[in-house]
Amino acid sequence: MAPAVRSFYKDATVLICGATGFLGQILLEKILRTLEPRTVYLLIRRKKGLDVEQRLQMLMQGVVFERVRSLPIVSRVQAIEMDMTRPDLGLNEETRRCLIEEVHVVFQLAAHVNFMTPLHRILKENVEYNMHLYDLVKHMKNLRVAMHVSTMFSNCDRKAILEKVYSDVGFGGYDFIVEHLNKLDEQEKNAVEPIIIGNHPNNYTFSKKCIEAKLQQQYSDMPVGIFRPPSINACYEEPVPGWTNNLYGYAGFTVPVIIWLYTVYFVDDSVRPMFAPVDYCVNALLVCAVDVAKNYNKDQSEIPVFNYAHSCSPIFKDIFKYSTVGLPWPQNLIYRHFMVTRTTNEFRYRVSEKMMLAHASILDRVAIWRGYPGGIRKGIEQALKMMKKTRLMTITEWEVETANMKRVLEDLDPDERAIFKCDMGTINWERHYVDFVRGIKKYVLSSYFMKSKL
């Protein structure tokens with residue numbers, strides 16, 4: 001087998017939308033360290049008074065880029081200012097023409113992931129604004145592949161999730177829903193949200209289902225692929241074991257334990273959740289893109305979908321056990337046996353929730369006494385709301401088709417299988433969760449407390 005992955009990206013021009021995010025940073029670092037692209041364009045927006053060049057410089061100073069920031073290839077990275085709220089992305093004619101003429105590979109990673117966002121707003125962020133990008137992509141003259149990163153939970157209202165796009169959005173489809181939401185006032189929008197999303201646990205997963213359906217509807221004849229990662233954890237190996245920069249997913253579950261807070265989870269210990277390290281997700285994304293390009297047929301009617309899941313991942317009971325190993329003694333011993341309640345009993349959960357909030361209030365007073373701003377109870381209240389929005393994921397297992405993903409892994413050249421590790425059957429999950437907990441403390445919480453002191 002030839003080294004198809006490296007040869008595919010060699011001298012290619014790559015465009016990444018969402019490179020400043022968690023997954024995007026690891027994707028960019030991997031491309032710079034192991035591939036030889038001609039140019040890497042990053043679509044970046046202005047933020048907090050910083051222009052795109054300043055944001056790129058800050059990005060490259062991050063710990064994940066320590067191994068590549070001094071390499072000559074970094075000079076091939078170019079930041080392009082964009083505004084996804086505009087149909088033309090805010091690009092001038094020269095930049096637009098450059099992208100249309102040069103780009104071979106597109107990765108669309110940008111997404112609004114706040115589960116509390118109102119439906120009409122998150123549909124704009126995750127569907128309408130995404131379509132602005134694809135309206136540019138369809139004009140690219142040398143396009144080999146455009147990979148859209150969705151989520152394994154885009155169809156979590158189903159028991160079985162196949163590697164296909166489900167277009168059963170309901171209510172006449174996305175366009176009809178948006179048209180009628182725009183006619184309602186805020187109170188009416190809030191009232192109809194639960195009816196529209198149906199069995200989806202939150203507006204985010206519904207919005208991801210909608211963008212998949214829109215891509216299938218408008219771009220099935222293009223070399224577009226959909227990659228569905230599970231909930232994404234910290235790095236397993238590359239570039240820094242345990243690195244993370246956010247508290248989404250399981251990371252948020254661990255924070256109360258790390259700060260010595262009595263903690264309750266509405267969770268079924270026997271459930272095998274869908275989690276994956278971010279570096280494995282990036283590797284899988286890179287190799288899936290090659291597969292889409294290789295098998296593209298202009299007469300195709302279905303967008304290829306890749307469900308990235310594995311049946312060998314640990315159950316929740318073991319995940320919590322592994323996570324406590326990452327805590328110092330005697331905290332690991334105390335939390336393994338005393339200060340955590342895991343239950344699917346609603347009454348027990350409610351009682352424990354009140355205990356957790358009361359304890360948070362006490363820790364707030366201690367924090368203020370020590371010179372920190374407090375806000376622990378407020379943060380826990382928000383976390384509890386988020387947990388309710390993701391409860392389906394902590395008590396449910398899905399039947400997931402992974403035939404496309406398995407085929408891609410089997411077709412990999414042996415050397416590239418080692419370079420682009422994405423077989424989750426090879427992961428030492430205990431080591432991963434130990435590093436994960438320590439990474440949250442080192443890269444997320446320590447930064448927060450340092451800022452709080454300033």
Legend entry - Members of the stretch 165-198 found to be touching a Cys at 6+ places or on another chain (Cβ under 8 Å) and either over 25 Å from residue 392 (Cβ atoms) or part of a loop (DSSP other than H, G, I, E, B) (or both), listed by number: 169
Legend entry - Candidates 286, 363, 327, filtered to the one that is closer than 19 Å to residue 407 by Cβ, modelled with pLDDT of 90 or more, of a type in the set (A, V, I, L, M) and open to solvent by less than 50 Å² (accessible area, probe 1.4 Å): 286
Legend entry - Near pairs, Cβ below 9 angstrom, 6+ apart or cross-chain, from the stretch 126-140 (free of Cβ contacts under 8 Å to residues at least 60 places away in the same chain and farther than 15 Å from residue 207 by Cβ) to any residue that is part of a helix (DSSP H, G or I) and open to solvent by less than 20 Å² (accessible area, probe 1.4 Å): 136/99; 139/99; 140/99
Inset, instruction - Run residue 276 past the list (1) surrounded by 21 or more Cβ atoms within 10 Å (Cβ to Cβ); (2) in contact with a Ser or Thr (Cβ under 8 Å, 6 or more places away or on another chain); (3) more than 20 Å from residue 394 (Cα to Cα) and report the number of the one that doesn't hold. - result: (3)
Inset, instruction - Answer with yes or no whether residue 347 is within 25 Å of residue 397 (Cβ to Cβ), in contact with a strand residue (DSSP E or B) (Cβ under 8 Å, 6 or more places away or on another chain) and either at pLDDT 95 or above or not in a helix (DSSP H, G or I) (or both). - result: no
Inset, instruction - Might you check whether a residue that is within 24 Å of the chain's Cα centre (by Cα), assigned to a loop (DSSP other than H, G, I, E, B), surrounded by 14 or more Cβ atoms within 10 Å (Cβ to Cβ) and of a type in the set (Gly, Ala, Ser) occurs anywhere in the stretch 20-32? - result: yes
Inset, instruction - Hey, can you tell me all the residues within the stretch 420-440 that are open to solvent by less than 70 Å² (accessible area, probe 1.4 Å) and not aliphatic (A, V, I, L, M)? - result: 420, 422, 423, 425, 429, 432, 433, 435, 436, 439
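The values are calculated or read from the model by the stated rules, or taken from the named source; none is laboratory data. All values derive from a computational prediction rather than experimental measurement. Neighbour counts run over all protein chains shown; Cβ positions are idealised from the backbone, glycine included. Heads up: the accessible areas ignore ligands, DNA and RNA and are worked out on the full protein's heavy atoms, side chains in. Shrake-Rupley method; radii C 1.70, N 1.55, O 1.52, S 1.80 Å.
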